[in-house]
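What follows is a set of notes on a single structure, which appears directly below.
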Amino acid sequence: MATSIEFLNYFLEQLKDISDISCRRMMGEYLIYYRGKLVGNICDNRVFIKPVSTALNLLPGASMCPPYKGAKDMIVLEDFENTTFIAELFNAMYAELPEPKIKKRKS
């Protein structure tokens with residue numbers, strides 16, 4: 001089941017006060033970016049974030065599972081309505097996230 005546009009809009013509405021959040025559609029699901037870095041994704045109307053050590057420390061006991069078949073386990077973000085916490089979480093995670101890969105132009 002693909003993520004519904006209603007769920008995506010609800011998620012984005014909750015995080016509207018956090019600057020530099022964006023989403024990109026990817027095969028019926030969505031990738032979540034914070035200040036240009038990939039922090040997680042939305043699959044099947046659930047929010048998943050990368051299990052970097054900072055996120056694991058800030059969300060002890062959070063459930064983890066793969067967002068889709070063949071993927072590595074990610075943290076299931078149950079409560080994304082607490083925008084103050086989400087902003088703190090994304091800010092704390094930012095340093096641990098890899099830089100975006102620079103795409104080479106085809107000549």
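What to note about this one:
- When segment 95-107 is limited to residues that are modelled with pLDDT of 90 or more and of a type in the set (A, V, I, L, M), the one that is least open to solvent (accessible area, probe 1.4 Å) turns out to be Leu97.
- Per the listing Gly70, Gly36, the residue uniquely more than 20 Å from Leu97 (Cβ to Cβ) and at pLDDT below 95 is Gly70.
- Filtered residues of segment 1-17 (kept if open to solvent by 20 Å² or more (accessible area, probe 1.4 Å) and more than 24 Å from Lys69 (Cα to Cα)): Asn9, Tyr10, Leu12, Glu13, Gln14, Lys16, Asp17
- Selection within segment 18-40 - small (Gly, Ala, Ser) and either under 20 Å from Ala71 (Cβ atoms) or in contact (Cβ under 8 Å) with a residue 60 or more places away in the chain (or both): Gly28, Gly36, Gly40
The values are calculated or read from the model by the stated rules, or taken from the named source; none is laboratory data. What you see is a predicted model; the values in this text were computed from it and never measured. Glycine gets a Cβ as well: all are built from the backbone with ideal geometry, and neighbour counts include every protein chain shown. To get the accessible areas, we keep the full protein, side chains included, count just its heavy atoms, and leave off ligands, DNA and RNA. Shrake-Rupley method; radii C 1.70, N 1.55, O 1.52, S 1.80 Å.
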